[in-house]
1. Confirm whether VAL18 is in contact (Cβ under 8 Å) with a residue 12 or more places away in the chain and either in a loop (DSSP other than H, G, I, E, B) or surrounded by fewer than 17 Cβ atoms within 10 Å (Cβ to Cβ) (or both).
2. When you scan the stretch 144-154, do you find a residue that is modelled with pLDDT of 95 or more and either among the hydrophobic types (A, V, I, L, M, F, W, C) or surrounded by 15 or more Cβ atoms within 10 Å (Cβ to Cβ) (or both), even just one?
3. Here are some residues: GLU20, GLU81. Which one is closer than 21 Å to ILE124 by Cα and out of contact with any Asp or Glu (no Cβ under 6 Å at 6 or more places or on another chain)?
4. So PRO137 fits all but one of (1) modelled with pLDDT of 95 or more; (2) within 17 Å of PRO21 (Cα to Cα); (3) surrounded by 18 or more Cβ atoms within 10 Å (Cβ to Cβ); what number is the exception?
5. Does ARG9 fit the bill of being in a loop (DSSP other than H, G, I, E, B) and touching a helix residue (DSSP H, G or I) at 6+ places or on another chain (Cβ under 9 Å)?
6. Quick test for you: out of VAL73, VAL114, pick the one residue that is part of a loop (DSSP other than H, G, I, E, B) and modelled with pLDDT under 95.
7. Please state which one of ASP167, ASP104, ASP113 is acidic (Asp, Glu) and touching a residue at least 60 places away in the same chain (Cβ under 8 Å).
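The values are calculated or read from the model by the stated rules, or taken from the named source; none is laboratory data. Small disclaimer: the values here were computed from a predicted structure and weren't measured. All Cβ positions, glycine included, derive from the backbone under ideal geometry; neighbour counts span all protein chains shown.
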Amino acid sequence: MILTDLQIRAEMERGTIVVEPYDPNCLGTNSYDVHLGRYLATYDDFVLDARRHNKITTFEMSAEEGFVLQPGVLYLGVTEEYTETHAHVPFLEGKSSVGRLGIDIHATAGKGDVGFCNHWTLEISVSMPVRVYPGMPIGQLIYFTLQGDVQTFYNHKQSAKYNERTDRPVESMMWKNTF
C-alpha cells in the first residue's frame, strides 16, 4: 500500500520519515517531490570494471547557467534533500515533466531500503542534450508500507555500502562485493 499525503505527513511527525529540507508545497497526493542537488559526477574511465573501484570526477553546477547533459554519458547526480526512512520502503521515481525532457534519473536503483538515511544518488542519462539546473524538481519519493518485522535496517547492516552521509554523488561500490 502506498502512503497518501496525510499519511506521509503523519509519519514525518512520528519521525519515521525525515526529509531535510522539508517544503510542504512538495508534498503531493501520494508522494514527495525531490530536487536536483548542485553536484554532478562522471566516471573517469570510458570502460568501467565491476571488480574494481571506478573513480569519478565531481563538479558543481552553476545555479544560473545550469549544465547541459549529453547523450551517451552516465551522470551521477544527487538529491538536494537528505532523507531517512525507518518504517517504510521508499521508491524514487522520475517526474513526468522530467521524463518528457528525455531524462532518466535511475537505471535500476529506484527502491530504497528501510533504514536508508542519506541523499539519493541519481543515475542520470538523457536521450538528447538537455540543460538542467540545481534545485529543479527531479523526482518523487513514494512510500510503501511493510508487512512483517525488519530484522536488520539498512543503516545497521555491516555490508551496507552507502551509509556515509554526503551531499555528493556516490560511485558504484560493486567492487566491495565478492564474486
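1. So VAL18 fits the description; yes.
2. Scanning the stretch 144-154 turns up at least one residue that is modelled with pLDDT of 95 or more and either among the hydrophobic types (A, V, I, L, M, F, W, C) or surrounded by 15 or more Cβ atoms within 10 Å (Cβ to Cβ) (or both).
3. Details: GLU20 fails: closer than 21 Å to ILE124 by Cα.
Unique residue meeting the criteria: GLU81.
4. With respect to (1) modelled with pLDDT of 95 or more; (2) within 17 Å of PRO21 (Cα to Cα); (3) surrounded by 18 or more Cβ atoms within 10 Å (Cβ to Cβ), PRO137 is out only on (3).
5. In short, no.
6. Of VAL73, VAL114, the one residue that is part of a loop (DSSP other than H, G, I, E, B) and modelled with pLDDT under 95 is VAL114.
7. Numbers: ASP104 fails: touching a residue at least 60 places away in the same chain (Cβ under 8 Å); ASP113 fails: touching a residue at least 60 places away in the same chain (Cβ under 8 Å).
Exactly one residue qualifies, and that residue is ASP167.
Okay, residues lined up against (1) of a type outside the set (Val, Ile, Thr); (2) out of contact with any Phe, Trp or Tyr (no Cβ under 9 Å at 6 or more places or on another chain); (3) surrounded by 15 or more Cβ atoms within 10 Å (Cβ to Cβ); (4) farther than 16 Å from PRO137 by Cβ:
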{"position": "TYR39", "(1), (2), (3), (4)": "yes, no, yes, yes"}
{"position": "ASP45", "(1), (2), (3), (4)": "yes, yes, no, yes"}
{"position": "ARG52", "(1), (2), (3), (4)": "yes, no, no, yes"}
{"position": "THR57", "(1), (2), (3), (4)": "no, no, no, yes"}
{"position": "SER62", "(1), (2), (3), (4)": "yes, no, no, yes"}
{"position": "LEU76", "(1), (2), (3), (4)": "yes, no, yes, yes"}
{"position": "HIS86", "(1), (2), (3), (4)": "yes, no, yes, yes"}
{"position": "GLY115", "(1), (2), (3), (4)": "yes, no, yes, yes"}
{"position": "GLU123", "(1), (2), (3), (4)": "yes, no, yes, yes"}
